[in-house]
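Heads up: the structure comes next, in structure tokens.
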Amino acid sequence: MATALASVAEIDRELAAKRWDAESGEPYQRTSVMTHLAWVPEAWVEAAEDVLAGLAERHPSRTIALFPRPDEDDGIEARADVDCFESGVGRQICTETIRIELCGNRASVPASIVQPLLLPDLPVFLRWRGVPPFGEGPFEELLDVVDRLIVDSTEWPGLPGPYGDLADVFDRVMVSDIAWARTSRWRPQLASLWPGIAEVKRIKVTGTEAQAYLLAGWLRSRLDREIELEHEPSDRLVSVEVDGEPAPFPPGDPPDPADLLSDELDRFARDRIYEQAVRSA
Amino acid sequence: MTETAQPAAHENPLLEGLTIRRMADPCAFVIFGASGDLTRRKLFPALYSLALRRMLPEQFAIVGVARSEESDDEFRERMKHAVQEFGRDEFNQEVWDWLAEGMRFVATDFADDGGQDRLVATLNELDQTRGTAGNRVYYLAVPPDAVPVLVHALGKRRSTDGWTRVVVEKPFGRDLTSAQKLNAELLRHFEEDEIFRIDHYLGKETVQNLLALRFANGIFEPIWNRQFVDHIQITVAETLGIEGRAAFYEQAGAIRDVFQNHLLQLVALTAMEPPIDFTAESVRNEKVKVLRALHTPGPKHVVRGQYGRGYIEGEEVPGYREEPGVDPNSLTETYVAAKLYVDNWRWADTPIYIRAGKRLARRETTIAIEFQRAPHPPFEQADSEDLKPNVLVVHIQPDEGVSLEFAAKVPGQGIMLRTVHMDFLYGGTFRTGIPEAYERLILDCLLGDATLFTRADEVEEQWSLVDSIVALWKRDRPAFPNYAAGTWGPGAANELMRRDGREWRRH
């Protein structure tokens, strides 16, 4: 880390200094539509950085990536960057990325560090990598300052157990699940099988565990009936059989992870169909 | 609207919560004027972009019709180059192959019965091989004098299977009488909801954003009226000349090329009352009320101009009368400015100044709402700029977005004021790529949504105002050229504003 910033005030000063073009002396154009928080435990750093790189240009926002380091000495070590992109002739749009290592006890009280850095009056999205520690300090703290929680239950072991804990937060915060978004091409295909699908007894899903549980939960909740699930593991959703008959394959290519997160960052309403699918998964 | 939740969710519970893109019905898209510039530069790049995004129906075909001889393969090859040259997307061979497979070319003069038979036979063949189901879009990208002939011929031979839609490019007539005649001819053969009079300005994202700005934000509507707005300025400025279109431009001039359609549509969208919903009829009902209430107070409030020799971006350019194909004594205007009033409760006595011209200092289309000045600023003005009024500027092109100008204190001792801009830059906030106007309009036509197209009565109201101005012009002989290329138009246009104690916006 080139210049480790140790306080919120230092982060603010660094950002203010970087909002100017060194050559022309002119300020950069700054457009903000949200604050995007990302909670990134050690194991997810590489994957998270890839997605952040893909997102920066699409969502002019302030991104605050939080890297918990509970085993280190107390304190924060931060870096603040202003990234600019061409936007029309001779104009640039800039977005801000703040990377904060939360060391020692700071990892258990992230809200007090994050709150002064939120862009006022704009929505706050929290992307939580891995299974959130439901009911525990940092997760509970951050839930209280965000408008929307974005998870990817594909990253979760032990499904469907954690879905029960997730359902408990639905009344506190809006939730998006990238695993659910990955089923979006298939759900219209299954809906197109109506009315034949109304009496379905059993489905076989070849895909991730999360996709299998969510599709089964969706069909159970929408059709209000018990449906048996058979799951064939695969790293992507490649087929769904309804009572032994393959559903039509959806057109187009599946979107990449940055696209999926990008789409979720455009959503502002509560997805009750997803919530019911989770409760029935 | 291209995306909608399925309405039948009460019957099929699996549809609830799904957002499904509304797909157009199978159809054949017939372009008359397939050898023209519009087809090459706009229509095919737009069709390709729609195909790339899977927004065209699976059963789709395109038939190019023109007088020049060309085989299907030559037509495909020419359009492929057009897409590669003018398209906004990377070229994808697979998508092109799909589109090209459904392309046909019919060489004919359409007044000829044999040619009509060949087109009908081609369309019938496509119904069989491509499943286009008798649905037809006829896009008339042809010179104005060819439109009535085509409309008559198409009307006589319209398919009895499926639906038919006719897209008519501007100019729609050349005065009120000819527009009424053309409307009557169209309505003799087609219903109003089958007629799509295109004004590509309405397909621009930023023009539609004007409606979002006005009707989705509580702060603007209460001050969007004569009590708070001092005046409105609408500018459609081009740096280009006539680009080889002398035959058309000599007949049309700036008033028919831009004023009658783009400018008056921008006036209507700026001044209209909130529609009760965003359906074609509601929006167009409100626009036509504005057009009906629009007038110019008299001849001295309209200025026309013609460019002479000058410089554009450092390069010397010829005057209008020196352009190939232009009469050396031409009295055709390449610039028009006017002061207009909308006689209604909201806008009475609030002037709307509009100007459009070719070979102006810079390319720009803007709508500027200039608010009344602060009534009594309690600051000494020494060392400050003159206190300026707040201006809300909607940038249609380029730099699409919205700016608000307001006064701010310069940091330091005492009170020094400066005008600052707060900018919302469309492309910088939503970086998903702004679709070309023709993409949106073609898709809406395929879906049968006429909200962004002009209705018969709108066109006639627009011509009614233009006719009243042209009638005034017949009384005098202007001293053309009266502005140099690369400037902001004739001095008389500045005088038009100065008389009212105002100025055109500085650029």
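Could you look through region A:229-248, keep only residues that are among the hydrophobic types (A, V, I, L, M, F, W, C) and within 14 Å of chain B (Cβ to nearest Cβ), and pick out the one that is farthest from A:Ala181 (Cα to Cα)? If we take residues in region A:229-248 being among the hydrophobic types (A, V, I, L, M, F, W, C) and within 14 Å of chain B (Cβ to nearest Cβ), then A:Val242 is farthest from A:Ala181 (Cα to Cα). When every residue of region A:151-173 is checked against the conditions, at least one turns out to be in a strand (DSSP E or B), away from every other protein chain (no Cβ under 14 Å) and surrounded by 14 or more Cβ atoms within 10 Å (Cβ to Cβ). Taking region A:226-263 as the range and being surrounded by 16 or more Cβ atoms within 10 Å (Cβ to Cβ) and in a strand (DSSP E or B) as the test, the residues that pass are A:Leu229, A:His231, A:Val240, A:Val242. Candidates B:Thr366, B:Thr350: the one that is under 24 Å from the mean Cα position of the chain (by Cα), at pLDDT 90 or above and away from every other protein chain (no Cβ under 14 Å) is B:Thr366.
Within region A:17-39, restricting attention to residues that are at pLDDT below 80 and of a type in the set (Ser, Thr, Tyr), the residue that is nearest to the chain's Cα centre (by Cα) is A:Ser32. Could you please let me know if B:Tyr307 is crowded, with 22+ Cβ neighbours inside 10 Å, in contact with a Lys or Arg (Cβ under 6 Å, 6 or more places away or on another chain) and within 30 Å of B:Arg502 (Cβ to Cβ)? Spelling it out, B:Tyr307 is indeed crowded, with 22+ Cβ neighbours inside 10 Å, in contact with a Lys or Arg (Cβ under 6 Å, 6 or more places away or on another chain) and within 30 Å of B:Arg502 (Cβ to Cβ). Scanning for something in a loop (DSSP other than H, G, I, E, B), more than 14 Å from chain A (Cβ to nearest Cβ) and either modelled with pLDDT of 85 or more or within 17 Å of the chain's Cα centre (by Cα) (or both), does region B:427-440 turn up at least one residue? Yes, that holds for at least one residue. For the residues A:Asp177, A:Asp144, the requirement of being surrounded by fewer than 15 Cβ atoms within 10 Å (Cβ to Cβ), out of contact with any Pro (no Cβ under 6 Å at 6 or more places or on another chain) and in contact (Cβ under 8 Å) with a residue 12 or more places away in the chain singles out A:Asp144.
Can you tell me which residue within region B:62-80, out of those that are surrounded by fewer than 24 Cβ atoms within 10 Å (Cβ to Cβ) and touching a helix residue (DSSP H, G or I) at 6+ places or on another chain (Cβ under 8 Å), is farthest from the other protein chains (Cβ to nearest Cβ)? Ranking the qualifying residues of region B:62-80, first place goes to B:Glu70. Scanning region A:239-281 for residues that are more than 17 Å from A:Tyr213 (Cα to Cα) and among the hydroxyl-bearing types (Ser, Thr, Tyr) gives a single hit, A:Ser262.
Go through region B:285-338 and count every residue that is over 25 Å from B:Lys474 (Cα atoms), over 25 Å from the mean Cα position of the chain (by Cα) and free of Cβ contacts under 8 Å to residues at least 12 places away in the same chain.
Of the residues in region B:285-338, 3 are over 25 Å from B:Lys474 (Cα atoms), over 25 Å from the mean Cα position of the chain (by Cα) and free of Cβ contacts under 8 Å to residues at least 12 places away in the same chain.
The set of residues in region B:457-469 that are of a type outside the set (Asp, Glu) and either in a loop (DSSP other than H, G, I, E, B) or buried (at least 20 other Cβ atoms within 10 Å of the Cβ) (or both) comprises B:Val459, B:Gln462, B:Trp463, B:Leu465, B:Val466.
The values are calculated or read from the model by the stated rules, or taken from the named source; none is laboratory data. Owing to the predicted nature of the structure, the values given are computational and were not obtained by experimental measurement. Quick reminder, even Gly has a Cβ in these numbers, built from the backbone with ideal geometry, and neighbours come from all protein chains shown.
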